[in-house]
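These notes concern the structure reproduced below.
FYI, it's all coordinate maths here, none of it is from the lab. Bear in mind the structure is a predicted one, so any value in this text is a computation, not a measurement. Neighbour counts run over all protein chains shown; Cβ positions are idealised from the backbone, glycine included.
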Amino acid sequence: MTAAVLYGKEDVKIERVPIPRVGPGEVLVKVEVALTCGTDLKVYQRGYHARMIVPPALFGHELAGVVEEAGSGVKHFRKGTRVVALNSAPCGMCFYCSKHQENLCEDLLFNNGAYAEFIKIPRRIVEANMLAVPSDVPFEAAAMVEPLACVLRGLHETAHDIGDTVTVIGGGPVGLMFVQVAKLSGCNVIAVVKRDAQVEAARKMGADETVQITHVDPVQAVRALTPDRRGSDVVIEAVGRPEAWEWAVEMVRKGGTVNFFGGCASGTKVALDTNRLHYSEVTLKASFHHTPETVRKAFALIAEKKIRSTDYVTGEAPLSHLNQVFRHMNNRNGDIKTAIIPGH
């Protein structure tokens, strides 16, 4: 089969590799669509991901497709079943799983290889985090379950209320999902973005106000949009840049909550005003990954057509063009997600 293999920094090769063989409990999926995302772009730029992928390795993690072969013991899936398979599954037995923090599982099993004609889904993911996709749900929409599940968990962990002002820093796919989901939750949303195309996209997703960092001081601009300039009730950083982490702390009101959702590069340090944190009782929170519960909540939103792929998938390309797609993404061209079609 043809597949993308990550070798290092901006080094992805499209190669012929063996079709994986499935064992008991495993499933082979014919990939109908794999979606690009901000995490894959970071992996492409850095050449690795500290938790998810170590090169050389098959690449990509947002996919939907059709079961090609089911191993012995697989009960709920058979050849021809339309499925979405997540990129990880917890063990269900460790300390963190017992605390309903499966995203922190001591043995969290990751699976990569979405940018390929076929992908093998390990038994644990088949059992915990693979779902059948109804015929009326497009593959492109089903493939968005993974990032949406991360966003839903992040917003839930941030403890927002209806009517709160939520500021989202970042106009990439995840930032836009936060904007849309926060708006659906009944919040007033301020989107902090960089580019003209992101301003338009954020408004389309429901942002009540937009702040473009190339035109203003983002901290002062956000505060100016809140009553008495007190700041936002909740600020979500969805970029993964140290300066944006620092902005977030300055944008939030006294007693408010900051969620450092965007992961910075390994070894990154940030400077925070300890006086402000202490005397303003600011809550600092970080969210990582998803859980089986948020996966199912995300799938329900997509199945109910509350989150649509047409809002996010702005292009399509064959697998052979993957490197061009990532180089294009490096130039911040305004695309949100590109659907990679392995069979073309």
Angle between the chain longest axis and helix 145-157 axis [Cα atoms, degrees, rounded to 10]:
30 degrees
Between 0 and 90°, nearest 10: helix 292-303 axis offset from the chain longest Cα axis:
90 degrees
What is the local net charge at Val270, summed over the other residues whose Cβ is closer than 14 Å to its Cβ (Lys, Arg +1; Asp, Glu -1)?
-2
Among 98-105, 3-10, how do they line up by average Cβ neighbours within 10 Å per residue, starting with the highest?
3-10, 98-105
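Pull up the DSSP beta bridges for the chain and report the antiparallel fraction as a percent, rounded to 5.
Values: 31 of 58 bridges.
Around 55 percent of the beta bridges assigned by DSSP in the chain are antiparallel ones.
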Between the range 250-306 and the range 60-98, the alpha-carbon center distance in angstrom
28 Å
Relative to the longest principal Cα axis of the chain, at what angle does helix 242-251 sit, 0 to 90 degrees, rounded to 10?
50 degrees
Let me have the 222 nm mean residue ellipticity of the chain computed from DSSP H runs of 4+ only, each contributing -39500 (n - 2.57), with the sum over all residues rounded to the nearest 500.
-8000 deg cm²/dmol
